[in-house]
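S.K.: Below is one structure. I have some questions about it.
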Amino acid sequence: MAAAAAMHISTEFINLKPNIWKKPDRASGSCCLGSDDISRKRKLPILLFDVMDTIVRDPFYHDVPAFFGMPMKELLECKHPMAWIEFEKGLIDEEELARKFFIDGRDFDLEGLKECMRSGYSYLVGMQELLHTLAAHDFEIHAFTNYPIWYNIIEDKLKLSAYLSWTFCSCISGKRKPDPDFYREVVGHLGVEPCDCIFIDDRPTNVKCAIEIGMGGLCFQNAESLAKDLSHLGIDLSVPNI
C-alpha cells in the first residue's frame, strides 16, 4: 500500500516540468563525477525509478479496499496512520503490522492481504518494454522506492531485476522519499554527483526534492509520455540491434 494511505497528494507541484538533464562537459572540467576514470567507464546518466504507480500497478487503491470489504474512505479512516509507514521504513515486521494496521486492533487475514497484493501487481502499460529498451542500451537502472520487505513479492512475480537493481528501498535504508537525506544517501552510495542521475516518480513532491538536490527529475504520467521526456533528454530509445 502506498503512502497515499496515510496522506493526501499535494497538488502544489502538479504542473512541475521535467528538469532538463544535460550531459556534463567533461572536457571543460565541469564534470559531475569526481574521477575521470569513473566517468570514462560508467554510462551516464544513471536512471533512478520509483516503483509503485511508476513501473508497477499499486493494488492498494482498488484491490485492498475490496479485500477488506470497505470503500477507500472508510479504510483510510480505520487504518493506523503510521503503521504502513513504519513497515515501509523497516521499523516493524509484518506481524507487528498486522497488530497495528487497524486503529481498533481488529484481526485480519495477513496472508490473504499479501496474496491480494501479489495478485494485483502488474507492469503498467508499456513499462516493461521501456525498461527492456533502456537495459538493452546498457543504462544503469536502480529502484528508488518507498516500499516494505514485500518488494520481494513484486520481484518474485514480475522479475524487475531483469532490468534494474533493487538498490534503494525504504525498508532497507530506514528513510522515505521525500526525505532529502535519502536522496543524498543514494548519490553517495552510487559514488556520483546528483547531476549524473535522472529520477522518475509519479509523485511531484518526490521529483521536486530530487531537482532541489541537483538531480534531473521527471514526473511520471505514463510510459508513452516518459519515453518522450527521456528522448528529449537525449536518452536513446531506439531498438538496439542484437
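S.K.: Would you point out which residue out of Ile172, Ile213 is β-branched (Val, Ile, Thr) and surrounded by fewer than 16 Cβ atoms within 10 Å (Cβ to Cβ)?
M.R.: Going through Ile172, Ile213 in turn, just one is β-branched (Val, Ile, Thr) and surrounded by fewer than 16 Cβ atoms within 10 Å (Cβ to Cβ): Ile172.
S.K.: In the stretch 194-209, what residues are touching a helix residue (DSSP H, G or I) at 6+ places or on another chain (Cβ under 6 Å) and crowded, with 23+ Cβ neighbours inside 10 Å?
M.R.: Phe199, Asp201
S.K.: Can you tell me how many residues within the stretch 43-65 are touching a residue at least 12 places away in the same chain (Cβ under 8 Å) and in a helix (DSSP H, G or I)?
M.R.: Within the stretch 43-65, residues that are touching a residue at least 12 places away in the same chain (Cβ under 8 Å) and in a helix (DSSP H, G or I) number 5.
To keep it simple, each residue is scored yes or no on (1) at pLDDT below 95; (2) among the hydroxyl-bearing types (Ser, Thr, Tyr); (3) open to solvent by less than 20 Å² (accessible area, probe 1.4 Å).
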residue	(1), (2), (3)
Met127	no, no, yes
His132	no, no, no
Tyr147	no, yes, yes
Trp150	no, no, yes
Asp156	no, no, no
Tyr163	no, yes, no
Val192	no, no, yes
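S.K.: In addition: Can you work out which of the residues in the stretch 207-242 that are in a loop (DSSP other than H, G, I, E, B) and among the small types (Gly, Ala, Ser) is nearest to Val187 (Cα to Cα)?
M.R.: In this case the residue turns out to be Gly214.
S.K.: Sticking with this one: Within the stretch 214-242, work out how many residues are under 17 Å from Phe168 (Cα atoms) and among the aliphatic types (A, V, I, L, M).
M.R.: 1
S.K.: (1) touching a residue at least 12 places away in the same chain (Cβ under 8 Å); (2) farther than 21 Å from Glu88 by Cα: which one isn't true of Pro178, the others all being true?
M.R.: Only one criterion is unmet by Pro178, namely (2).
The values are calculated or read from the model by the stated rules, or taken from the named source; none is laboratory data. Since we're looking at a predicted model, the values are computed, not measured. Don't worry about glycine lacking a Cβ; one is built from the backbone with ideal geometry, like all the others, and counts go over all protein chains shown. Heads up: the accessible areas ignore ligands, DNA and RNA and are worked out on the full protein's heavy atoms, side chains in. Shrake-Rupley method; radii C 1.70, N 1.55, O 1.52, S 1.80 Å.
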